[in-house]
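This report concerns only the one structure given below.
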Amino acid sequence: MFPNNFEFYTDTVNSWTGMLSACREAKESIDIEQYIFLKDKIGEEFLDIFKEKARSGVRVRILADAVGSYSLNSSVILKELADSGIQVRFFNPISPWRIHTIFSWFFRNHKKVLVVDKKIGFTGGVGVGDHMKTWRDTAARLEGPVVEEMSQAFQEMWNLAEEKDIVIRIKEFRLNKIKRDFITNSPYFKKRFLYYTLMEALRGAKKSIYLTTPYLIPDRRLIRILRLAAVRGVDVKIIVPETIDVLLVATASHSSYSELLRNGVKIFKYRPSILHAKTAIVDNQWGTYGSFNLDSLSFVYNYEANVVTVDTNAVAELMEHFYTDLTHSREITYTEWKRRPFLRKFQEFFIRPVRGFL
């Protein structure tokens, strides 16, 4: 892998500050790709800079998911953006009354990417919406060869968003190849690059696996890899949020805890604020961060992207973040988990058949 310069952010506000600062300095182009881009206070701050830059000759392109960014998609501001010279595309618009577009309800673009002048890149878990302001998240400002990969990946999705025929979309996307540092995941045959890269890294762990994720709904492959790693003596720790605000998702997540805890996997719940960071560290030598959750939506259905790195300094900093988060988390023991109320056990049992869709 080639060297890349990086600066990490561990909260949403600082991430926004870095992104806005880079956009203000843009000379040639701004490309932003977001699952959630809302027309609220922070969203308007971004849009004001985009309009100013577009009027001065900077090419500005916004690629937003049609579901995650629905309020922007339905906003009257779109004409104003177009009049300013900003290009906007929405990925996979939903069409509820048309049977042949049923796929539009799935296959969301969950990436969080900003590329400025093809020289500076930002990626991680940070979206654009005021409700995320206090979240604990992980993102990074990047320079180096990885930014070219991010730019290429943006262009691929930009082109894909214009194609309305799902069959043609699949054919076109299957032509794309795996990148070196900025690895994507797509809901197409043999295009789940990030998923298999992560599974391979976890399977090869010899000393430690440290995961941080807002949603832990592992498939059978991931459960088996984590269980076997813990059994053979690998230190497997997972940090998840104290509270998940969607009951269905929380129940699905909890349904896998018993098997993991029983086999020596350690699970911790982060308490200070909403946890939205998505990171993995293996043997203190390999790390990844980005938009990828440990659930079936990310594994199978969404378009995702992460930076994967073996840079010693980057991995060490990710480790520092993990240890800091551990000090603000409480461990769930297997003994404690077995004593949870019967109603919760009942709900977890019946959620198992649909876990693969969450």
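The values are calculated or read from the model by the stated rules, or taken from the named source; none is laboratory data. Everything numeric in this text was worked out from a predicted model, so none of it was measured. For neighbour counting, all protein chains shown are included, and Cβ atoms are generated from backbone atoms with ideal geometry for every residue, glycine included. Calculation scope for accessible area: heavy atoms of the full protein, side chains included, ligands and nucleic acids excluded. Shrake-Rupley method; radii C 1.70, N 1.55, O 1.52, S 1.80 Å.
Expressed as a whole percent, the accessible surface of segment 248-319 that belongs to carbon and sulfur atoms is 49, based on a 1.4 Å probe. Considering segment 29-163, its Cα convex hull presents a mean projected area of 8.5 nm². Estimated at 0.36 nm per residue, the fully extended path between E52 and E259 surpasses their Cα-Cα distance by 69.1 nm. Per residue, segment 188-292 exposes 39 Å² of solvent-accessible protein surface, assessed with a 1.4 angstrom probe and all protein chains in place. Projected label points at V76 and Q285, each 7 Å from Cα along the beta carbon direction, are separated by 6.0 nanometres. Residue order by solvent-accessible surface for F106, F6, F91, F268 is F106, F6, F268, F91, largest first, with ligands and nucleic acids left out and a 1.4 Å probe. Are any of the pairs K190/K237; K119/K278; K269/K338; K27/K118 more than 18 Å apart by Cα-Cα distance, and if so, which? Flagged as over cut-off: K190/K237; K119/K278.
Going by accessible surface with a 1.4 Å probe and the largest first, T327, T184 read T327, T184.
From the Kirkwood radius over Cα pairs of segment 1-48, Stokes-Einstein at 37 °C and 0.692 mPa s returns a whole-number translational diffusion coefficient of 261 µm²/s. Here W158 sits with roughly 10 square angstrom of accessible surface, probe radius 1.4 Å. The residues S69, S56, sorted by heavy-atom accessible surface at 1.4 Å with ligands and nucleic acids left out, run S56, S69 from largest to smallest.
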